[in-house]
Amino acid sequence: MASSRPLARFWEWGKNILCVGRNYAEHAKELGNALPAEPLFFLKPSSAYVREGSPIVRPYYCTDLQHEVELGVVIGRRAQAVSQEAAMEHVAGYALCLDMTARDVQKECKKRGLPWTLAKAFSTSCPVSEFVPKEEIPDPHKLKIWLKVNGRLRQEGETSSMIFSIPHLISYISEIVTLEEGDLILTGSPSGVGSVQENDEIEAGIHGILSMRFRVAQQTCPS
Ligand SMILES: O=C(O)/C=C/C(=O)CC(=O)C(=O)O
Ligand SMILES: [Mg+2]
């Protein structure tokens, strides 16, 4: 049953954030990864959301915080094992997202065969833009997403370059995790990911649709 809560504020719902990785060939290559045979995904908690006006906080245990700009897909209707053909009926809209990553920690986790939670799921690791209703984006595979740090372009990618399309991702994920209204899927980052420092300003956008800005802050080490 549809909820009466406005999806335009989906980040307040406390629902799941599912993040797809290695979904752009150039990005998989820049990190030295093979192309995936099927979608790779991981989770962030909903407390990872941060909105414009609040900073992205680099965790005290991280020495290399990196940006990944990604198109987010907001689920509007429960999806359990849906076909690719039916998948888009479950989409309510889109948002621009950053998959902030403690890259040094992720590298260590990969080396030791540990989960990526410390690298990907910390508080403020998921900055999000305004919600864009699906009617305003007739084809989500024809978007240009970009990211600048201190005014310098770092990332620019076409969503047409995704290895697995949005219907493919929804269908695949929904066979494993039942998707619910208010859930968000981050569809993976194009190439150009890089480090940010305290006080840097990150600006990111979907060309012709929206942009957002965040400042980077440093978490103090808990005593
Ligand atoms: O395997 C790695 O070294 C890194 C993978 C990622 O961080 C995956 C993503 O989050 C992405 O491609 O967007
Ligand atoms: Mg990512």
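Readers should treat all values here as calculations from the given coordinates under stated rules, not as data from a laboratory. Nothing here was measured: the structure is a model prediction, and the numbers come from that model. All Cβ positions, glycine included, derive from the backbone under ideal geometry; neighbour counts span all protein chains shown.
Taking (1) of a type outside the set (Lys, Arg); (2) farther than 19 Å from Leu40 by Cα; (3) touching a Gly at 6+ places or on another chain (Cβ under 7 Å) in turn, Cys97 satisfies each apart from (2).
You will find that of Glu130, Glu136, the residue that is among the acidic types (Asp, Glu) and surrounded by 14 or more Cβ atoms within 10 Å (Cβ to Cβ) is Glu130 and no other.
Taking helices (runs of 4 or more DSSP H) as the structural unit, those lying wholly within segment 59-128 and holding at least 2 residues that are more than 16 Å from ligand 1 (Cβ to nearest atom) correspond to 84-87.
Keeping to segment 196-219, report how many residues are assigned to a loop (DSSP other than H, G, I, E, B) and more than 16 Å from Ala95 (Cβ to Cβ). Spell out the reasoning first.
Taking segment 196-219 first, the residues assigned to a loop (DSSP other than H, G, I, E, B) are 197-200, 207-209, 219.
Checking which are more than 16 Å from Ala95 (Cβ to Cβ) leaves us with 197-200, 219.
So the count comes out to 5.
What's the total number of residues in segment 153-169 that are of a type in the set (Gly, Ala, Ser), in contact with a Pro (Cβ under 6 Å, 6 or more places away or on another chain) and in a helix (DSSP H, G or I)?
Of the residues in segment 153-169, the ones of a type in the set (Gly, Ala, Ser) are 157, 160-161, 165.
Next, only the ones that are in contact with a Pro (Cβ under 6 Å, 6 or more places away or on another chain) stay: 157.
If we keep only those that are in a helix (DSSP H, G or I) as well, we get none.
Looking only at that region, the number is 0.
Cβ-Cβ contacts under 6 Å between residues 6 or more apart (or on different chains), taken from a first residue in segment 85-107 that is over 20 Å from His207 (Cβ atoms) to a second residue that is among the aromatic types (Phe, Trp, Tyr) and within 16 Å of ligand 1 (Cβ to nearest atom), are listed as Gln106/Trp116. Would you confirm whether any residue within segment 32-47 is of a type outside the set (A, V, I, L, M, F, W, C), away from ligand 1 (no atom under 16 Å from the Cβ) and within 15 Å of the chain's Cα centre (by Cα)? Yes. Can you find a residue that is surrounded by fewer than 17 Cβ atoms within 10 Å (Cβ to Cβ) and of a type in the set (Phe, Trp, Tyr) anywhere in segment 21-33? Checked segment 21-33: no residue is surrounded by fewer than 17 Cβ atoms within 10 Å (Cβ to Cβ) and of a type in the set (Phe, Trp, Tyr).
Return yes when Glu108 is surrounded by 15 or more Cβ atoms within 10 Å (Cβ to Cβ) and away from ligand 2 (no atom under 16 Å from the Cβ) and no when it is not.
Values: surrounded by 15 or more Cβ atoms within 10 Å (Cβ to Cβ): no; away from ligand 2 (no atom under 16 Å from the Cβ): yes.
Here the answer is no, as Glu108 does not meet what is asked.
Answer yes or no as to whether Ala37 is in a loop (DSSP other than H, G, I, E, B), more than 21 Å from Gln155 (Cβ to Cβ) and aliphatic (A, V, I, L, M).
Working: in a loop (DSSP other than H, G, I, E, B): yes; more than 21 Å from Gln155 (Cβ to Cβ): yes; aliphatic (A, V, I, L, M): yes.
Yes.
Of everything in segment 173-195 that is surrounded by 22 or more Cβ atoms within 10 Å (Cβ to Cβ) and within 16 Å of ligand 2 (Cβ to nearest atom), the residue that is farthest from Arg152 (Cα to Cα) is Ile173. Taking every residue in segment 183-194 that is under 9 Å from Cys19 (Cβ atoms) and pairing it with any residue that is part of a loop (DSSP other than H, G, I, E, B) and of a type in the set (A, V, I, L, M), at least 6 positions away or on another chain, the pairs with Cβ-Cβ distances below 9 Å are Gly188/Ile163. Looking at Ala81, is it among the hydrophobic types (A, V, I, L, M, F, W, C), surrounded by 14 or more Cβ atoms within 10 Å (Cβ to Cβ) and touching a residue at least 24 places away in the same chain (Cβ under 8 Å)? Here the answer is no, as Ala81 does not meet what is asked. From the list Arg22, Arg77, Arg51, Arg58, exactly one residue is within 15 Å of ligand 2 (Cβ to nearest atom), out of contact with any Cys (no Cβ under 9 Å at 6 or more places or on another chain) and charged (D, E, K, R). Which is it? When all the criteria are applied, what remains is Arg22.
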